[in-house]
Amino acid sequence: MDTRRLYSFIKIIDAGSITRAADILHIAQPALSQQLSALEAQFGQQLLIRSKRGVAPTEAGRALYRHAQLILRQVDLAHAAVSVSGRAPAGSVSVGLAPYSLGAALALPLLKSVRERYPEILLHINENFGGVISEAIMTGRMDMAFIYGAGPLRGVQFEPLRTEDLFLIGAPGGTAPHGAGEVGLDELKGVPLLLPSRIHTIRQVVDAAFQQASLLPDVVGEVESALTLVNAVDAGLGATVLPWSAARAILDVRSLSVRRIVNPVIQVKLSLVTSDNQPLSEPALAVHDLFLELITAFDGTPHEE
């Protein structure tokens with residue numbers, strides 16, 4: 001297998017055109033077309049559909065595209081492992097951190113710890129990853145992700161690490177129920193809420209809890225940014241529901257009311273997700289273990305004033 005042909009094939013798919021791919025790769029278009037023809041001959045399948053608008057992969061082409069990414073990722077890992085053999089872990093590691101989660105609170109400590117302990121590792125932290133997490137991890141675009149849920153999910157393995165309770169966060173004297181300590185879910189009836197959109201697990205869990213209690217949440221706004229969300233709550237525009245760890249760093253400098261929701265207690269599970277079919281590289285494994293250390297040391301419980 002000529003890995004150069006696989007690399008060229010990926011570039012053709014990404015560019016959507018053989019001409020554009022040839023320009024990107026700085027090779028002649030006829031030579032690139034020959035590489036493609038050689039691949040199609042090798043697999044005995046048509047890999048691309050050609051049209052005036054460019055090219056698109058066939059079903060066989062899409063399958064090869066996925067596997068080619070994995071193969072080239074493994075080749076890169078092999079080169080990296082050989083080049084740093086006997087030395088401290090080095091290379092790039094990509095970590096996805098779910099928004100509104102403990103991951104956000106650990107982003108800075110993780111970056112700091114990696115810089116101190118493994119200075120040759122280039123850490124990429126993504127708190128706004130889109131698309132399918134399993135696909136990103138299986139294709140090697142992301143080494144691991146700290147997300148809500150405990151699986152199962154095809155192609156990835158879940159390592160459950162933490163279960164967190166949800167809290168009602170509001171401005172003192174604002175729209176949230178007054179008082180201290182815990183707050184019953186039924187007390188949230190009619191309370192204006194600012195929540196993440198329905199694509200987020202936090203919102204899904206909150207909606208499910210209200211539905212089971214035969215209540216309807218009064219959602220007055222959907223906010224995708226944790227910082228904007230807390231700013232809006234601080235301004236008295238509504239209350240929100242978050243795990244304590246997600247808002248802890250921000251709430252340290254705010255005078256906001258934080259009350260654990262009970263009757264019922266609402267919980268979310270957090271897991272570290274990695275590929276089910278390819279091992280972590282040496283630098284990724286080092287970051288994985290360091291992340292587990294930070295999780296263990298983290299105190300996510302709100303303290304009484």
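Brief remarks follow.
- Residue within segment 26-44 that is assigned to a strand (DSSP E or B) and open to solvent by less than 40 Å² (accessible area, probe 1.4 Å) present: no
- Residues of segment 149-190 that turn out to be part of a helix (DSSP H, G or I) and closer than 25 Å to Ala235 by Cβ, as a count: 3
- Residue match in segment 268-287 (condition: farther than 16 Å from Gly103 by Cβ, of a type in the set (Lys, Arg) and part of a strand (DSSP E or B)): no
- Residue satisfying all of: in segment 94-123; of a type outside the set (Gly, Ala, Ser) and touching an Asp or Glu at 6+ places or on another chain (Cβ under 9 Å); nearest to Asp143 (Cα to Cα) among these: Val95
- Checking Leu97, Leu6, Leu72, Leu110 one by one, the residue that is closer than 30 Å to Thr201 by Cα and in contact (Cβ under 8 Å) with a residue 60 or more places away in the chain is Leu110 and no other.
- Among the residues of segment 83-136, those identified as within 25 Å of Arg66 (Cβ to Cβ), among the polar types (S, T, N, Q) and either at pLDDT below 80 or buried (at least 20 other Cβ atoms within 10 Å of the Cβ) (or both) are Ser94, Asn128, Ser134.
- Neighbours by Cβ (under 6 Å, 6+ apart or cross-chain): first from segment 167-188, without any contact (Cβ under 8 Å) to a residue 12 or more places away in the chain; second β-branched (Val, Ile, Thr) and open to solvent by less than 20 Å² (accessible area, probe 1.4 Å): none
The values are calculated or read from the model by the stated rules, or taken from the named source; none is laboratory data. Note that the coordinates shown come from a computational prediction; the quantities given were computed from them, not determined experimentally. All Cβ positions, even for glycine, are placed from backbone atoms using ideal geometry, and neighbour counts span all protein chains on display. All accessible areas refer to the heavy atoms of the entire protein, side chains included, with ligands and DNA or RNA removed. Shrake-Rupley method; radii C 1.70, N 1.55, O 1.52, S 1.80 Å.
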